[in-house]
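> A single structure is presented below for examination.
The values are calculated or read from the model by the stated rules, or taken from the named source; none is laboratory data. Here the structure is a predicted model, which means the values were calculated and not measured. Cβ atoms come from the backbone with ideal geometry, glycine included; neighbour counts cover every protein chain shown. Accessible surface is based on the protein model in full, side chains and every heavy atom, while ligands, DNA and RNA are left aside. Shrake-Rupley method; radii C 1.70, N 1.55, O 1.52, S 1.80 Å.
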Number of protein chains: 2
Amino acid sequence: MNKELSKKKQQHYIIDCDIHHDFPSPDVILPYLSDRWREHHLTYGFKEHHGFVHSFGLYPPVSPFASRQDGWPHNGARPGTDLEFMKAQHLESNNVKYGILNTLFPVQTQLNDEYARALARAVNDWQIKEWLEKDSRLRASIIVPYENPEFAVEEIERVGKHPGFVQIMLLCRSKEPLGRRKYWPIYEAAEAYGLPIGMHIINGGMHGNTSSGWHSYYSEVHTSLSPGAQVQVVSLVCEGVFKRFPKLRVVLIEAGFAWVPSLMWRLDKQYVKLKSELPHLKRLPSEYIREHFRFTTQPMEEPTVPKHFYHILEHLGSDDLLLFATDYPHWDFDDPLKSFPVKIEQELKQKIYYKNAESIYDFKKGEIR
Amino acid sequence: MNKELSKKKQQHYIIDCDIHHDFPSPDVILPYLSDRWREHHLTYGFKEHHGFVHSFGLYPPVSPFASRQDGWPHNGARPGTDLEFMKAQHLESNNVKYGILNTLFPVQTQLNDEYARALARAVNDWQIKEWLEKDSRLRASIIVPYENPEFAVEEIERVGKHPGFVQIMLLCRSKEPLGRRKYWPIYEAAEAYGLPIGMHIINGGMHGNTSSGWHSYYSEVHTSLSPGAQVQVVSLVCEGVFKRFPKLRVVLIEAGFAWVPSLMWRLDKQYVKLKSELPHLKRLPSEYIREHFRFTTQPMEEPTVPKHFYHILEHLGSDDLLLFATDYPHWDFDDPLKSFPVKIEQELKQKIYYKNAESIYDFKKGEIR
């Protein structure tokens, strides 16, 4: 038996807010596409964007498909593609009560809007049939072709009431900053369907990965996912998205959280002096952030001096902001038993491991209560 | 007498690592240009880049020319253009022993390399004649057309030994991340001349101000100057610039510093796992950062809970990293008497106000010692 499988179980359950599943083979998507788009898909295929590697996955092959070395199912399939293996290696082993699937299959960044729409539909139907209907612990993010908000809303309306879908996924490298009005129809639908936006980091995009163009190394790109997320927080707050959509919640996934306090300080200090530019805001930027944003824990910030981790928790100014995530089965997976660099008191631990997620996501959607 | 001028003096001197001076009128540059480039300048003029506003200054007119409302000389000239006014309002009033002038006149981002070279020469000659030769407290950054490193090196060789020039200025919004080999000749020259690189934030550039394109508001752009600087730190470290140029020092100007610890944690954590991608690095990224980077204090980070400021100082892991700066005469000027949100102990205060700057910059360059 795998060492991973036999280890001591968590004493409490966890909600894993970031699990990556994938197609076991490129052919699996084909039955989910209409004839017209199957033909297109097979004949013309993806357009990849700068910063994506050429492989099927979106990550560089640190380990192939960015996976843990033990993340490969015994059947030789790619990591994240075999539900039975995922159950044994992760869901059961780590006492996962609910796990949210966030596929990174490259749908949203296709330049052909109609193709992106067809792929989003196919992916969501595949998620329902192959994952959500097969294990009651699994939930998933709705994949939407968000660069065409009309099509994105259409897809939210098509599957938004399905009990397995608990959030709408956007990626952090959009064509325009995500606060811009172009994307507001998506937020309107999210609010109407009671679905948070999950904003996941991504290595590729429409623009250079920095405001000075392209980095050279994966290590650089991966570090700079945080700055790429910071500018999206700034955009959503300053454009007034939360003033217009007061029930909207945004979960930043895999972007870190130790940078959040310094961003709030900078935004607040500046807002007080430049208020007249943003008359549509009615509160301090930090108040919008604490109310509307949540941050997943993986990759867990690890200060050189562990006690500095407590400072960050204190600076966040709220115990409600962090949601636990492992990033299973990727190489930088956080093990629930070892992820915190310090001992966390029981009450906060429960909040981070599951209570905060339960207050944001409707895991019992569709059930008679 | 101006209220500013009559206020209590600092008990100790300061070194102001960021003062902005400017041309009193557009004509002042003309005698410093050759016939060929004067003609070009008058006939074709600047190309401004996205994100720059149309005014002569680089900042949006929060207050015109981004200035403090009391920063306008009585003679009606623009802020930062009148040395006598600057002396009275700032150098004397704030007990400035040395002040480093960083002009933001838009030289470096001109797309025509030869024009940028001509402008850089003109600006540096103007700095010598109108500023450095007129007040012994003033020092300046050499302006270089850094997108053409050959021309940049030529300019460093031309004026690099002048006793008034204590650093080479680059801007944070470059065409490529500043760690890339394209820019290494500049670092070689910087090391050879014993001049730190001053990397100043800027609102305009060759690329969108985020990795998702353009923000809408000045408040967003101004907050996102920090993420734009973070990615440059990542680039300089990961490309191995400090391995190749072990004496090089980089001063990040006006980019903040509260984000530095979280960036070091993230880089270190990742480096340990992905070392094989960066075999040219011999130490932890945080070690390179603490040895080679310095950060100016303005705009001073102001945590909601003032004592959190102490945590940040502790997380930085060194008392040597911060250099005091006011950003005079801009709107977000930090007053030396009021800039720290908490009481700082005397020894650290001295380091930040002047000792750290004295250990990085050669203010007595050219003097017989």
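> Identify, please: which residue in segment A:137-174 is hydroxyl-bearing (Ser, Thr, Tyr) and more than 13 Å from A:Leu101 (Cβ to Cβ) and is, among those, farthest from the other protein chains (Cβ to nearest Cβ)?
Step by step, filter segment A:137-174, then rank; the result is A:Tyr146.
> So which of A:Asp327, A:Asp320, A:Asp335 ends up being within 20 Å of B:Lys269 (Cβ to Cβ), surrounded by fewer than 19 Cβ atoms within 10 Å (Cβ to Cβ) and more than 7 Å from chain B (Cβ to nearest Cβ)?
Within the list A:Asp327, A:Asp320, A:Asp335, the selection yields A:Asp335.
> Related question: From the list B:Ile344, B:Ile312, B:Ile352, B:Ile368, which residue is of a type in the set (A, V, I, L, M, F, W, C), out of contact with any strand residue (DSSP E or B) (no Cβ under 7 Å at 6 or more places or on another chain) and modelled with pLDDT of 95 or more?
B:Ile312
> Any residue at all in segment A:178-189 that's surrounded by fewer than 22 Cβ atoms within 10 Å (Cβ to Cβ), facing another protein chain (nearest Cβ under 9 Å) and hydrophobic (A, V, I, L, M, F, W, C)?
no
> Would you point out which residue out of B:Leu91, B:Leu30, B:Leu42 is in a helix (DSSP H, G or I), under 30 Å from B:Glu347 (Cβ atoms) and at pLDDT 90 or above?
After applying the criteria, what remains is B:Leu91.
> Here is a list: B:Pro299, B:Pro306. Which entry is within 21 Å of A:Leu267 (Cα to Cα), open to solvent by 20 Å² or more (accessible area, probe 1.4 Å) and within 14 Å of another protein chain (Cβ to nearest Cβ)?
Being within 21 Å of A:Leu267 (Cα to Cα), open to solvent by 20 Å² or more (accessible area, probe 1.4 Å) and within 14 Å of another protein chain (Cβ to nearest Cβ) holds for just one of B:Pro299, B:Pro306, which is B:Pro306.
> When you go through (1) at pLDDT 75 or above; (2) more than 16 Å from A:Thr103 (Cα to Cα); (3) open to solvent by 70 Å² or more (accessible area, probe 1.4 Å) one by one for A:Trp37, which number turns out not to apply?
Here A:Trp37 meets the rest and fails (3).
> Another one. Please determine whether any residue of segment B:250-259 is more than 17 Å from the chain's Cα centre (by Cα) and of a type in the set (D, E, K, R).
There is no residue in segment B:250-259 that is more than 17 Å from the chain's Cα centre (by Cα) and of a type in the set (D, E, K, R).
> Go through segment B:150-172 and give me each residue that's charged (D, E, K, R) and open to solvent by 10 Å² or more (accessible area, probe 1.4 Å).
The answer is B:Glu150, B:Glu154, B:Glu157, B:Arg158, B:Lys161.
> Next question, about the same structure. Within segment B:102-157, work out how many residues are of a type in the set (A, V, I, L, M), modelled with pLDDT under 95 and touching a strand residue (DSSP E or B) at 6+ places or on another chain (Cβ under 9 Å). Give the steps one after another, and end with the answer.
Quick first cut of segment B:102-157, residues of a type in the set (A, V, I, L, M) only: B:104, B:107, B:111, B:116, B:118-120, B:122-123, B:128, B:132, B:138, B:140, B:142-144, B:152-153, B:156.
Subset that is modelled with pLDDT under 95: B:104, B:107, B:111.
From the residues that got through so far, the ones that are touching a strand residue (DSSP E or B) at 6+ places or on another chain (Cβ under 9 Å) too are B:104, B:107.
Residues that pass the stated criteria total 2.
> Tally the residues that are outside any helix (DSSP H, G or I), of a type in the set (Gly, Ala, Ser) and farther than 16 Å from A:Cys172 by Cβ, restricting the search to segment A:209-235. Working first, answer last.
Taking segment A:209-235 first, the residues outside any helix (DSSP H, G or I) are A:209-217, A:224.
Checking the rest, the ones that are also of a type in the set (Gly, Ala, Ser) come to A:211-213, A:216, A:224.
Subset that is farther than 16 Å from A:Cys172 by Cβ: A:212-213, A:216.
The qualifying residues number 3.
> Could you check how many residues of segment B:215-235 are more than 7 Å from every other protein chain (Cβ to nearest Cβ) and more than 23 Å from A:Ser216 (Cβ to Cβ)?
1
> What tally of residues in segment B:272-281 results from selecting those that are within 29 Å of the chain's Cα centre (by Cα) and facing chain A (nearest Cβ under 7 Å)?
1
> Can you confirm whether A:Leu284 is within 30 Å of A:Phe245 (Cα to Cα) and either open to solvent by less than 50 Å² (accessible area, probe 1.4 Å) or under 15 Å from the mean Cα position of the chain (by Cα) (or both)?
no
> Tell me whether segment A:272-287 contains one or more residues that are in contact (Cβ under 8 Å) with a residue 60 or more places away in the chain, under 18 Å from A:Glu191 (Cβ atoms) and not polar (S, T, N, Q).
For segment A:272-287, residues in contact (Cβ under 8 Å) with a residue 60 or more places away in the chain, under 18 Å from A:Glu191 (Cβ atoms) and not polar (S, T, N, Q): absent.
> Still on this structure, please answer the following. Of all residues in segment A:213-242, which are open to solvent by 10 Å² or more (accessible area, probe 1.4 Å) and of a type in the set (D, E, K, R)?
Once the filter is applied, which keeps residues that are open to solvent by 10 Å² or more (accessible area, probe 1.4 Å) and of a type in the set (D, E, K, R), segment A:213-242 yields only A:Glu239.
> Of everything in segment B:236-263, what is in a loop (DSSP other than H, G, I, E, B), within 20 Å of B:Leu323 (Cα to Cα) and facing another protein chain (nearest Cβ under 7 Å)? Give them in sequence order.
Residues satisfying the conditions are B:Gly256, B:Ala258, B:Trp259.
> Within segment A:190-212, take every residue that is crowded, with 21+ Cβ neighbours inside 10 Å, more than 13 Å from chain B (Cβ to nearest Cβ) and among the aliphatic types (A, V, I, L, M) and give me the one that is nearest to A:Val231 (Cα to Cα).
A:Ile197
> Still on this structure, please answer the following. Go through segment B:108-126 and give me each residue that's buried (at least 21 other Cβ atoms within 10 Å of the Cβ) and free of Cβ contacts under 8 Å to residues at least 60 places away in the same chain.
B:Ala116, B:Arg117, B:Ala120, B:Asn124
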